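To start, the structure itself, in structure tokens.
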Amino acid sequence: MTAPDDAKEVLSALRLGWFLAEVRGRNRPGGQLGVWTSMPDHDYHAFPLRIERTTTELRIEAQKVVAQLAADRHVDADGDGTSFAAAIDDKAKLLDPVRAPKASTALQRALDQLRMAAAGRSYPGEPEPPTPEQALQTLQTAVNPQQQVVAACDQAVAAAQQALVTAENCVAGVAGQPPEVVLAAEADLGAAAAQVDREQVAAEGEHRGLGALQGAIGALQGVNGGDANAAQARVDLIRGSLQVVIDAANQPWEDLAELLWRFDAHIQDRLSATSETQACGYQLGRGQPQRQRLQAGRRGMRHACWARDQTRRPVVRPPGWSGLGTARLLPGERI
């Protein structure tokens with residue numbers, strides 16, 4: 001059968017929907033982690049495979065793909081000329097440190113291990129279920145990297161505060177000079193003050209993540225016993241620690257989610273006006289939100305998986321499961 005004339009454009013629209021759902025899922029606090037394989041470190045700058053990239057690197061990659069595909073399909077610009085992709089990137093940068101990705105990733109992985117242990121289930125390729133000791137090790141291994149992030153954030157706050165002092169001195173020094181000089185100095189002062197606020201919010205988020213991580217370790221070490229009650233107690237403790245981070249990130253996440261919702265509506269409007277097949281391809285790639293999918297009795301391709309809440313339901317991965325939303329793909333593959 002001959003391919004339709006706009007097959008390339010339809011596939012591009014499908015990939016746009018696929019990756020937009022991934023952007024939403026990878027930014028969502030407490031959302032799906034995706035594939036767990038990763039490089040042990042970045043020594044010697046070895047080139048990683050896609051599934052070996054960190055969750056933050058994969059989030060940024062998905063955002064860049066959305067930006068390019070949106071430009072290709074001419075759906076990036078809002079009515080006033082604002083770039084949706086650029087706005088998404090800005091809000092994602094504000095959200096990222098608040099949800100403390102290194103700490104929350106460790107908490108999510110430990111939570112998944114404890115759930116598997118409680119259910120007596122093993123991961124594909126593993127002969128035995130994970131143990132509480134392995135979950136504890138997952139958390140302990142993440143402490144030093146998180147401490148390094150916290151230290152970097154504290155340094156950034158100090159540098160921003162010093163820049164603010166410099167800007168304040170500059171404003172005082174241009175008093176009485178031409179208005180344009182004063183206005184420029186005051187603009188620099190406003191930017192410096194805003195940067196201090198951003199760095200302080202980021203530091204608070206990463207400090208909160210470190211506290212949640214250390215608290216979870218102490219709480220887990222205090223639970224003894226191998227019965228079902230002890231197993232459930234461990235799950236509840238880690239879930240509670242993770243929820244602290246998720247709750248703190250709620251407002252910046254809502255801001256980003258609202259922007260993604262508007263972007264999705266804009267894409268559907270523009271593609272529907274351009275080509276019905278492209279609009280359908282986009283929705284096929286994006287899939288349906290989980291609630292709508294269950295009500296309609298249909299399977300979504302992407303959004304339904306990324307909408308899953310790992311803090312509320314067990315995750316049991318059958319053989320061949322990629323962790324990225326469908327067992328029809330090999331680990332790390334995308335459309």
> In region 2-24, what residues are surrounded by 12 or more Cβ atoms within 10 Å (Cβ to Cβ) and of a type in the set (Gly, Ala, Ser)?
Replying inline: Ala7, Ser12, Ala13, Gly17, Ala21
> In region 147-205, what residues are of a type in the set (S, T, N, Q), closer than 30 Å to Trp253 by Cβ and without any contact (Cβ under 8 Å) to a residue 40 or more places away in the chain?
Replying inline: Gln148, Gln155, Gln161, Gln195
> Val150 versus (1) assigned to a loop (DSSP other than H, G, I, E, B); (2) in contact with a Gly (Cβ under 9 Å, 6 or more places away or on another chain); (3) not acidic (Asp, Glu): which is the lone unmet condition?
Replying inline: (1)
> Cβ-Cβ below 9 Å, separation at least six or inter-chain, first residue in region 61-85 and at positive phi, second of a type outside the set (Gly, Ala, Ser): which pairs?
Replying inline: His74/Arg270; His74/Thr274
>> Quick test of your reading of the structure: Ala70 fulfils all but one of (1) under 20 Å from the mean Cα position of the chain (by Cα); (2) over 30 Å from Gln243 (Cβ atoms); (3) surrounded by fewer than 22 Cβ atoms within 10 Å (Cβ to Cβ). Name the failing condition by number.
In response: (3)
>> Just checking, does region 209-222 include any residue being crowded, with 19+ Cβ neighbours inside 10 Å, closer than 29 Å to Thr131 by Cβ and not aliphatic (A, V, I, L, M)?
In response: yes
>> Quick check on my filter: what residues within region 146-165 are surrounded by 13 or more Cβ atoms within 10 Å (Cβ to Cβ) and among the β-branched types (Val, Ile, Thr)?
In response: Val149, Val150, Val157
> Do you know which residues across region 211-222 are in contact with a helix residue (DSSP H, G or I) (Cβ under 6 Å, 6 or more places away or on another chain) and in contact (Cβ under 8 Å) with a residue 60 or more places away in the chain?
Replying inline: Ala212, Leu213, Ala216, Ile217, Leu220
>> Looking at Glu254, Glu206, can you tell me which residue is exposed (fewer than 15 other Cβ atoms within 10 Å of the Cβ) and modelled with pLDDT of 95 or more?
In response: Glu254
> Just one of Arg208, Arg234 is more than 18 Å from the chain's Cα centre (by Cα), in a helix (DSSP H, G or I) and touching a residue at least 60 places away in the same chain (Cβ under 8 Å); which is it?
Replying inline: Arg234
>> closer than 30 Å to Ala85 by Cβ and of a type outside the set (A, V, I, L, M, F, W, C): is that true of Asp264 in this structure?
In response: yes
> Of all the residues that make up region 54-73, how many are within 26 Å of Pro145 (Cβ to Cβ) and in contact with a Phe, Trp or Tyr (Cβ under 7 Å, 6 or more places away or on another chain)?
Replying inline: 1
> Of the residues that sit in region 17-53 and are at pLDDT below 85 and either part of a helix (DSSP H, G or I) or of a type in the set (Val, Ile, Thr) (or both), which one is nearest to Glu254 (Cα to Cα)?
Replying inline: Val35
>> For the structure I just gave you, tell me whether Thr141 is within 22 Å of the chain's Cα centre (by Cα), β-branched (Val, Ile, Thr) and within 27 Å of Gly240 (Cα to Cα).
In response: yes
>> For Asp227, only one of the following conditions fails: (1) surrounded by 15 or more Cβ atoms within 10 Å (Cβ to Cβ); (2) modelled with pLDDT of 50 or more. What is its number?
In response: (1)
>> Take the conditions β-branched (Val, Ile, Thr) and surrounded by fewer than 18 Cβ atoms within 10 Å (Cβ to Cβ) and apply them to Thr105. Does it pass?
In response: no
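The values are calculated or read from the model by the stated rules, or taken from the named source; none is laboratory data. Remember, predicted model here, so these are calculated numbers, not experimental data. Methodologically, a virtual Cβ is constructed for each residue, glycine included, from the backbone with ideal geometry; neighbour enumeration extends over all protein chains shown.
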